[in-house]
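Colleague: The structure is given below, and queries will be raised subsequently.
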Amino acid sequence: MSSTPTSMPQNPIPHANASSLRWKVLAAGTLANVAFSIIVNGFPMTAIQLRTGYGLDAWSLGLMLGMMGLGVAISELPWGMLADHWGDRPVLLLGLGGSALVLACMTVWGAPHSGHTPGLALVYAGLLVTGLLGGSVNGASGRAIMHWFAPGERGLAMSIRQTAVPMGGALGALLLPRIAASAGFDAMFAFLAVICVLCAGLVWLWIINPPDADTPTAAQDHPRSFSALKNTLVWQIACGIAILCAPQFAVLSFGTVFLHDAAQVSSAAITTAMVTLQVGAMVLRIWSGRWTDRHGNRIGFLRWCAALSALSFVALAAAQAVHLPGVMLAVMLAVSGVCVSAWHGVAYAELATQAGATQAGTALGLCNTLVFVANFLVPQAVVKVQERIDWSGVWLLCGGVALLALPLVSAHVRVKTRLVA
């Protein structure tokens, strides 16, 4: 009788092939996240065009900008749990394919054209369903990294994946407002649908479920005996991530409106500031992933990011209160956005590590549920604060919210020390 365990894969992949395949897996997962980031982070960049094209007041604009985030918040945890059970490939294909179909429908029925403006309820519903389906890409692609990369490489790998968010945001800032302004929202939705189809093709070609015996994690990870949903450290890190994402969403959702209405800078300056923000965040995410892998100090890095984010937003609030020139406000907004966006890969790597490879999808799904609850709530809060106070109040509140992450990170350190002891 053979002594080979029954759980061994039937067609194991040689180590050399596994080493090359993991970069294709990372590339496909990253590009899937780029596609979704163009949608969810690029769409708010059309806020000025949305106000005109759909005839929106401030409240309706805030609701429209939050609908995709609400959809992601509802679906992230179920998608993450499905990824742990089904694997990454089917979840990504279903999510990207479904998103492409909904966006194609929005091209026909959800875009204003020829003097006709669609009902807002229909547009809200389309954006909500796009978020419900698009939420699949976050947990699934992060789970793949846990299976294909060793613990000492995950900070870099996860940071490369997380560059998809600012990369997609930068592409969205460059492309979507121009497409919406020149060709209309129907062309914009069609463009987004094509992107989803192309990325689904890459997922089909490059992502496979790894044989556990031949992946770098096999000898170094031990499956958790309990769900990530019962892991205190997972909840603490997830809550800290969600809190730090709130001021980032404020910048991404209303940065263009602030620069247009309050700073009164040109369209070119607005685009430059938002693209600079995204490119800076992308560069710092890769650097921070590699640096923390080498020094083993992910938590310390997160604490510094939270503190610097708070300080930069307080400075931006003060600058707006004394009416500094618009160009300086644009620069300070970009700096604040970079500070509050540079830490994602490090945080997600730490979260997935605490959950373990077999529960990474669930943990990332939980985290992104909290993140996109913030994504939905932030636009509503920004509208209310800006109307009742002013933009300096918005940025001061962002600084205060960033500080709220520090106690959570400190609690994480204390709990971790107790567990080790």
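The values are calculated or read from the model by the stated rules, or taken from the named source; none is laboratory data. In this text the structure is predicted, and so the values were computed from the model without any measurement. All Cβ positions, even for glycine, are placed from backbone atoms using ideal geometry, and neighbour counts span all protein chains on display. Please note that ligands, DNA and RNA were not included when accessible areas were found on the heavy atoms of the full protein model with its side chains. Shrake-Rupley method; radii C 1.70, N 1.55, O 1.52, S 1.80 Å.
Colleague: Looking only at residues in the range 332-347 that are of a type outside the set (A, V, I, L, M) and at pLDDT 85 or above, which one is most open to solvent (accessible area, probe 1.4 Å)? Can you show your working first?
Modeller: Of the residues in the range 332-347, the ones of a type outside the set (A, V, I, L, M) are 336-337, 339, 341, 343-345.
In the following step, the residues that additionally are at pLDDT 85 or above were identified as 336-337, 339, 341, 343.
Details: Ser336: 1, Gly337: 1, Cys339: 35, Ser341: 4, Trp343: 1 Å².
Only one residue fits best here, namely Cys339.
Colleague: Given Leu65, Leu101, Leu122, which one is of a type in the set (A, V, I, L, M), in a helix (DSSP H, G or I) and crowded, with 20+ Cβ neighbours inside 10 Å? Walk me through it before giving the result.
Modeller: Values: Leu101 fails: crowded, with 20+ Cβ neighbours inside 10 Å; Leu122 fails: crowded, with 20+ Cβ neighbours inside 10 Å.
When all the criteria are applied, what remains is Leu65.
Colleague: Look at Leu127 and say whether it is modelled with pLDDT of 90 or more, open to solvent by 40 Å² or more (accessible area, probe 1.4 Å) and under 17 Å from the mean Cα position of the chain (by Cα). Reasoning before the result, please.
Modeller: On the way: modelled with pLDDT of 90 or more: yes; open to solvent by 40 Å² or more (accessible area, probe 1.4 Å): no; under 17 Å from the mean Cα position of the chain (by Cα): yes.
No: the conditions fail for Leu127.
Colleague: Let me spell it out: the conditions are (1) open to solvent by 20 Å² or more (accessible area, probe 1.4 Å); (2) in contact (Cβ under 8 Å) with a residue 40 or more places away in the chain, and Leu351 meets all of them except one. Which number is the exception?
Modeller: (1)
Colleague: Which condition from (1) free of Cβ contacts under 8 Å to residues at least 24 places away in the same chain; (2) more than 18 Å from Pro118 (Cα to Cα); (3) of a type outside the set (Phe, Trp, Tyr) is the one that Arg51 breaks?
Modeller: Unmet for Arg51, out of (1) free of Cβ contacts under 8 Å to residues at least 24 places away in the same chain; (2) more than 18 Å from Pro118 (Cα to Cα); (3) of a type outside the set (Phe, Trp, Tyr): (2).
Colleague: In the range 236-258, is there at least one residue being more than 20 Å from the chain's Cα centre (by Cα), of a type outside the set (A, V, I, L, M, F, W, C) and open to solvent by 10 Å² or more (accessible area, probe 1.4 Å)? Steps first, please.
Modeller: We begin by selecting, within the range 236-258, every residue more than 20 Å from the chain's Cα centre (by Cα); these are 257-258.
After this cut, where a residue has to be of a type outside the set (A, V, I, L, M, F, W, C) as well, the list is none.
No, the range 236-258 has no match at all.
Colleague: Continuing with the same structure: Could you run through the range 46-62 and say how many residues are among the aliphatic types (A, V, I, L, M) and open to solvent by less than 10 Å² (accessible area, probe 1.4 Å)?
Modeller: Within the range 46-62, the first condition is being among the aliphatic types (A, V, I, L, M), and the residues that meet it are 47-48, 50, 56, 58, 61.
With open to solvent by less than 10 Å² (accessible area, probe 1.4 Å) added as a condition, the list becomes 47, 50, 61.
Selection size over the range 46-62: 3.
Colleague: If you go through the range 20-29 one residue at a time, do you hit one that is at pLDDT 90 or above, within 16 Å of Gln162 (Cα to Cα), part of a helix (DSSP H, G or I) and open to solvent by 40 Å² or more (accessible area, probe 1.4 Å)?
Modeller: Within the range 20-29, not a single residue is at pLDDT 90 or above, within 16 Å of Gln162 (Cα to Cα), part of a helix (DSSP H, G or I) and open to solvent by 40 Å² or more (accessible area, probe 1.4 Å).
Colleague: Scan the range 383-410 for residues that are in contact with a Cys (Cβ under 9 Å, 6 or more places away or on another chain) and either within 28 Å of Thr130 (Cα to Cα) or open to solvent by less than 20 Å² (accessible area, probe 1.4 Å) (or both) and jot them down.
Modeller: Across the range 383-410, the qualifying residues are Ala402, Ala405.
Colleague: Hey, another quick one. Whether any residue in the range 267-274 is open to solvent by less than 40 Å² (accessible area, probe 1.4 Å), within 18 Å of Ile237 (Cα to Cα) and in a helix (DSSP H, G or I) is what I want to check.
Modeller: Taking every residue of the range 267-274 in turn, none turns out to be open to solvent by less than 40 Å² (accessible area, probe 1.4 Å), within 18 Å of Ile237 (Cα to Cα) and in a helix (DSSP H, G or I).
Colleague: Identify, by number, the condition in (1) part of a helix (DSSP H, G or I); (2) open to solvent by 50 Å² or more (accessible area, probe 1.4 Å); (3) not β-branched (Val, Ile, Thr) that Gly289 doesn't meet.
Modeller: Unmet for Gly289, out of (1) part of a helix (DSSP H, G or I); (2) open to solvent by 50 Å² or more (accessible area, probe 1.4 Å); (3) not β-branched (Val, Ile, Thr): (2).
Colleague: In addition: Among the residues of the range 292-320 satisfying the criterion of being more than 30 Å from Trp391 (Cβ to Cβ) and either without any contact (Cβ under 8 Å) to a residue 24 or more places away in the chain or among the aliphatic types (A, V, I, L, M) (or both), which is surrounded by the most Cβ atoms within 10 Å (Cβ to Cβ)? Talk me through it step by step, then tell me what you get.
Modeller: We begin by selecting, within the range 292-320, every residue more than 30 Å from Trp391 (Cβ to Cβ); these are 292-300.
Still in the list and also either without any contact (Cβ under 8 Å) to a residue 24 or more places away in the chain or among the aliphatic types (A, V, I, L, M) (or both): 294-297, 299-300.
Details: Arg294: 11, His295: 11, Gly296: 10, Asn297: 14, Ile299: 18, Gly300: 13.
Ranking the candidates gives Ile299 first.
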